[in-house]
Amino acid sequence: MANVTGVVTIRWDVLPAKLAEVRRLSLYPFKPASTDLDAEMTANLEAVFGGAFRGDKPIGCIAVLPESKHDCAARIRWFGVLENERGQGVGAQLVIAAQQHASAIGQSLWADVRVKAIPIYERLGFEPLGDFFELPEIGVHRVMRWWPAGLRS
Ligand SMILES: CC(C)(COP(=O)(O)OP(=O)(O)OC[C@H]1O[C@@H](n2cnc3c(N)ncnc32)[C@H](O)[C@@H]1OP(=O)(O)O)[C@@H](O)C(=O)NCCC(=O)NCCS
């Protein structure tokens, strides 16, 4: 990753337990750690997780779940990077890893995307769908969709 300061690796198919704390700190810092919060990561056993690691330390996460909606087969969830690791391209690398996973299995992707992350998704070829909407506690979102080359009907 040319833009990232120091060595950061993106790993795919990471155990959810390894990413639970980085997910909480990145996405829900206002929530205390709890088994309930972590449990949603394993509610769908087909969810696949990607992680960004500085050495062995998780600094970012993303997940792809087989959740068909908006004419797309799979959903991106839990995309976050630790605050002190942002702005160096780690987030973009995580979305690219999700796109590579989806391409490999021929699946289109959708996500409820926070306003702040919309430009990252747009630069990687996602298209907006519908209006902005508010999710309680988290803020304004928009649905973004993406199809691997040749898959869109
Ligand atoms: C959204 C989030 C995951 C982005 O992670 P990130 O690692 O900062 O993402 P990137 O570094 O790829 O991109 C962030 C910005 O840094 C810029 N950037 C990337 N590399 C850069 C570099 N080397 N120098 C300067 N800027 C750089 C990008 O262009 C991007 O700019 P933008 O905000 O205008 O789009 C992170 O901010 C986060 O976890 N936020 C809280 C949780 C959240 O909102 N998650 C999204 C749910 S949909």
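The values are calculated or read from the model by the stated rules, or taken from the named source; none is laboratory data. All of these numbers come straight from a predicted model, not from anything done at the bench. With ideal geometry, Cβ positions are generated from the backbone for all residues, glycine too; neighbour counts draw on all protein chains shown.
A few remarks follow.
- Some residue of the range 107-127 being surrounded by 19 or more Cβ atoms within 10 Å (Cβ to Cβ), hydrophobic (A, V, I, L, M, F, W, C) and part of a loop (DSSP other than H, G, I, E, B): yes
- Residue check, I59 on the phi < 0 side of the Ramachandran plot and surrounded by 15 or more Cβ atoms within 10 Å (Cβ to Cβ): yes
- Taken over the range 49-107, the criterion of being farther than 22 Å from V4 by Cα and of a type in the set (S, T, N, Q) is satisfied by S68, S103, Q107.
- Top-ranked residue of the range 75-84 - restricted to ones that are in contact (Cβ under 8 Å) with a residue 40 or more places away in the chain and either more than 6 Å from the ligand (Cβ to nearest atom) or among the β-branched types (V, I, T) (or both), ranked as nearest to L25 (Cα to Cα): L82
- The single residue among F30, F49 that is within 16 Å of the chain's Cα centre (by Cα) and over 17 Å from F126 (Cα atoms) turns out to be F49.
- All positions within the range 70-93 that are small (G, A, S) and surrounded by fewer than 14 Cβ atoms within 10 Å (Cβ to Cβ): G87
- Hits in the range 58-74 - residues which are within 13 Å of the ligand (Cβ to nearest atom), closer than 18 Å to I118 by Cα and of a type in the set (V, I, T): I62
- When each of I138, I96 is tested for being at pLDDT below 95, surrounded by 12 or more Cβ atoms within 10 Å (Cβ to Cβ) and within 15 Å of the ligand (Cβ to nearest atom), the lone residue that passes is I138.
- Hey, A17 within 10 Å of the ligand (Cβ to nearest atom), in a helix (DSSP H, G or I) and surrounded by fewer than 20 Cβ atoms within 10 Å (Cβ to Cβ) or not: no
- A39 being under 24 Å from G139 (Cα atoms), touching a helix residue (DSSP H, G or I) at 6+ places or on another chain (Cβ under 8 Å) and surrounded by fewer than 19 Cβ atoms within 10 Å (Cβ to Cβ): no
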